Amino acid sequence: MPHVALETTVVRLLTEQKLTLALAESCTGGGIAHRVTNVPGASAVFPGGVVVYSNAAKQKFLGVRPELLARHGAVSEAVARAMAEGARDKFGADFALAVTGIAGPTGGTKAKPVGTVFIALAGAPGTVVERKFNPGGRKRFKELTAQQALEMLRARLVRD
């Protein structure tokens, strides 16, 4: 059986279920959107996404509250949740994935070392957030994070 890319499976599942996906990316820099839009037919299920690298962009484009950023930091469960819910709302999508993390090599702390990432999936029954640890350099971090986010959605789509 030939290998099928994860993004192809996700687009197929979304299409079959007549559902849509929006994205809010920070640390992946548009990498998830790149993978999704490589799939023919993605335009039917992907209204759009945003790359929000700065805190100001998270506030302006997704409605992330400044006090949330001040209290928890950009790389946090609370901010990932707000990003996903903001993207879902702004794009009117059934689902939204959001990622925020520390790709490195600098920026890490003892509590949140380089490689820390929060991945949020917002949908009708609510929002779930997972904390992952993807050390090993920026390129690997971004690739792993994109894969984990898409897998989180795939698992949800086959469960429902």
If we ask which residues in the range 30-54 are within 10 Å of the chain's Cα centre (by Cα) and either on the phi > 0 side of the Ramachandran plot or not β-branched (Val, Ile, Thr) (or both), their number turns out to be 4
Of the residues in the range 32-51, those that are open to solvent by less than 20 Å² (accessible area, probe 1.4 Å), of a type in the set (Gly, Ala, Ser) and outside any helix (DSSP H, G or I) come to Gly48
Going through the range 1-25 in order, the residues found to be part of a helix (DSSP H, G or I) and either among the basic types (Lys, Arg) or touching a His at 6+ places or on another chain (Cβ under 6 Å) (or both) are Arg12
Filter the range 70-81 for residues that are under 30 Å from Gln17 (Cα atoms) and in contact with a strand residue (DSSP E or B) (Cβ under 8 Å, 6 or more places away or on another chain); the one that is surrounded by the most Cβ atoms within 10 Å (Cβ to Cβ) is Ala80
Check your understanding: Leu97: more than 24 Å from Gly137 (Cβ to Cβ) and crowded, with 23+ Cβ neighbours inside 10 Å, yes or no?
Key -> no
Item to complete: Could you tell me whether any residue of the range 106-126 is closer than 21 Å to Arg65 by Cα and free of Cβ contacts under 8 Å to residues at least 24 places away in the same chain?
Response: yes
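Conditions tested, residue by residue: (1) touching a Pro at 6+ places or on another chain (Cβ under 9 Å); (2) part of a loop (DSSP other than H, G, I, E, B); (3) buried (at least 23 other Cβ atoms within 10 Å of the Cβ).
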position: Cys27; (1), (2), (3): no, yes, yes
position: Tyr53; (1), (2), (3): no, yes, no
position: Ala56; (1), (2), (3): no, no, no
position: Val64; (1), (2), (3): no, yes, yes
position: Leu68; (1), (2), (3): no, no, no
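The values are calculated or read from the model by the stated rules, or taken from the named source; none is laboratory data. What you see is a predicted model; the values in this text were computed from it and never measured. Every residue, glycine as well, gets a Cβ built from its backbone with ideal geometry; the counts of neighbours run over all protein chains shown. For the accessible areas, the whole protein counts, side chains as well, though only heavy atoms, and no ligand, DNA or RNA atoms are used. Shrake-Rupley method; radii C 1.70, N 1.55, O 1.52, S 1.80 Å.
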